[in-house]
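Structure first, then comments.
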Amino acid sequence: MANNVYTKSALAAIVFVTQGGWAVAGEQSIEGWYLRTGPVGVFFSPSVDLSMGGAPVPGADVEVDENFAISLDIGYRFSEQWSATLTIGTPPEAELIGAGSLPPVALGKLRYGPGILAGQYRFKSNNPRFQPYIGAGLNYVVNLGESDGAASDLKIKTKVGPMVQIGFESMVTEDVGLYFDVKKLWAEADVSGSIGGAPFDAEVTLDPLIVGTGIIWRF
């Protein structure tokens, strides 16, 4: 009888220590580097302020089809709540199509590399299967090359803009899990060239919504 009591007490102590040790290890592993990667969809909300020969073109507009790419987040977790990420991805190609008072033709294309630097705040959660967060930072669309369409001598100069994000992570193990993320970017570009020999200047608003999911690895 006494042996059974001692055995049960020892097992209880082992379980207690093991669980406590795992919790400490989990707390220690929160801080450090991590990677996230997966497919993303890029959905634009475009508009344009266009001038040709120095005169504004009323009713001019543009459309940009959605893009799909593979995103990579390089992140560092400073604490349970705070982290920072650099987001890059495979370079998609955006096609500018005339709309509104412009003829519905392809004006040109831009091959771009997304670059986003952001900080995140994670809400406290006792459930590793659902760890929500919000974030904010800066985005810059890196111009990797333009190609002409109906517009010739196309030049596109991108700008730095703000961004916000919301999402959650769901850890399958202590180091590997899944994530779902939505980013809203405010992005503009100065565009110049000529259409039918007439020079034009335009400020194009892109303002994409980026929706992605994938796998997270913590180191």
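All of the numbers you see were taken from the coordinates with simple rules; none came from a lab. This structure is a prediction, so every number in the text was calculated from the model and none was measured. Neighbour counts run over all protein chains shown; Cβ positions are idealised from the backbone, glycine included.
Below, the figures for the structure above:
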| quantity | calculated |
| --- | --- |
| In degrees, nearest ten, helix 2-30 long axis to first principal axis of the chain (Cα) | 20 degrees |
| Rounded FRET efficiency, nearest 0.05, which uses the C-beta distance separating SER170 from GLU66 and R0 of 22 Å | 0.30 |
| 14 Å reach of a label modelled at GLU203, 7 Å along Cα-to-Cβ, counting backbone N of the range 48-70 | 48-51, 56-57 |
| Gyration tensor over alpha-carbon atoms, the range 89-219, equivalent ellipsoid semi-axes in Å | 39, 13, 12 |
| Separation of alpha-carbon centers, the range 73-133 and the range 159-207, rounded to whole Å | 6 Å |
| Cβ-defined net charge surrounding ALA202, 9 Å radius [Lys, Arg +1; Asp, Glu -1] | -4 |
| Cα-based reach from LYS124 at 30 Å (exclusive), listing lysines while leaving out same-chain residues under 8 positions away | LYS183, LYS184 |
| Spatially proximal aspartates and glutamates relative to LYS155 (Cα-Cα < 17 Å; intrachain offsets below 8 disregarded) | ASP49, GLU93, GLU95, GLU146, GLU188, ASP190, ASP201, GLU203 |
